[in-house]
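Okay, structure first, notes after.
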Amino acid sequence: MAFSFQLEDFKKIGDVLGVKPKFDSNVYRYDIQKENPVRHLTLEIYPDIIIGKTKGNLISVYSVNSHLQLHFCNGFVASEILGEVTFFTDQCNKVSGLIIEKEGGCSLFSNVDREVLSGDFTQLAPEVMMSSIALSLMETTLPDEENEEKE
């Protein structure tokens with residue numbers, strides 16, 4: 001089952017990030033401006049657009065020195081406690097997550113083995129531990145692997 005953003009999702013994302021979305025044609029835009037200019041970024045969500053030959057959700061982030069995209073986003077987790085929103089995609093037992101922080105930070109973890117999201121983080125190499133901890137928040141929202149294989 002494909003994920004579709006709902007109107008209340010855009011409000012929830014804005015509440016966590018502390019900014020209201022601006023809607024223009026086919027994009028929801030969040031401008032996160034902090035006192036430190038290095039921490040400025042723009043988040044854009046393009047729901048249900050054509051990506052190649054398929055429709056999907058595209059998440060784009062523009063910062064002072066980078067441009068990141070997450071194609072075919074199939075879910076998100078908005079955490080007020082952490083002050084961040086994690087957008088993710090899950091394909092072939094690999095997950096990618098784009099984390100946007102209320103304070104203007106952004107992290108991308110790509111092609112992470114799904115199995116490292118659970119279990120004992122202390123058994124992982126430090127280089128792997130960071131991605132597994134950062135993305136573990138979304139684990140409960142991912143479809144079951146068994147159901148995913150049947151579809």
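Derivation of every value follows stated rules applied to the coordinates shown; laboratory data play no part. Predicted model only: the values in this text are computed from it and were never measured. Glycine also receives a Cβ, built like all others from the backbone with ideal geometry; neighbour counts cover every protein chain displayed.
Remarks
- Once the Kirkwood radius over Cα pairs is known for the stretch 1-102, the Stokes-Einstein relation at 25 °C and 0.890 mPa s delivers a diffusion coefficient of 176 µm²/s.
- Footprinting exposure proxy ranking of 54, 89, fewest other C-beta atoms within 10 angstrom first, gives 54, 89.
- When only Cα pairs below 8 angstrom with a gap of at least 6 residues are kept, the stretch 4-111 shows a relative contact order of 20 percent.
- For the pair residue 27 and residue 80, label points projected 7 Å from Cα toward Cβ lie 3.0 nm apart.
- Cross-linked pairs 12/34; 22/94; 53/102: Cα-Cα separations exceed 29 Å for 22/94; 53/102.
- For the stretch 69-81, Karplus couplings with θ = phi - 60° (6.51, -1.76, 1.60), whole Hz, Gly/Pro x: 9, 10, 8, 6, 4, 10, x, 8, 10, 9, 10, 5, 4
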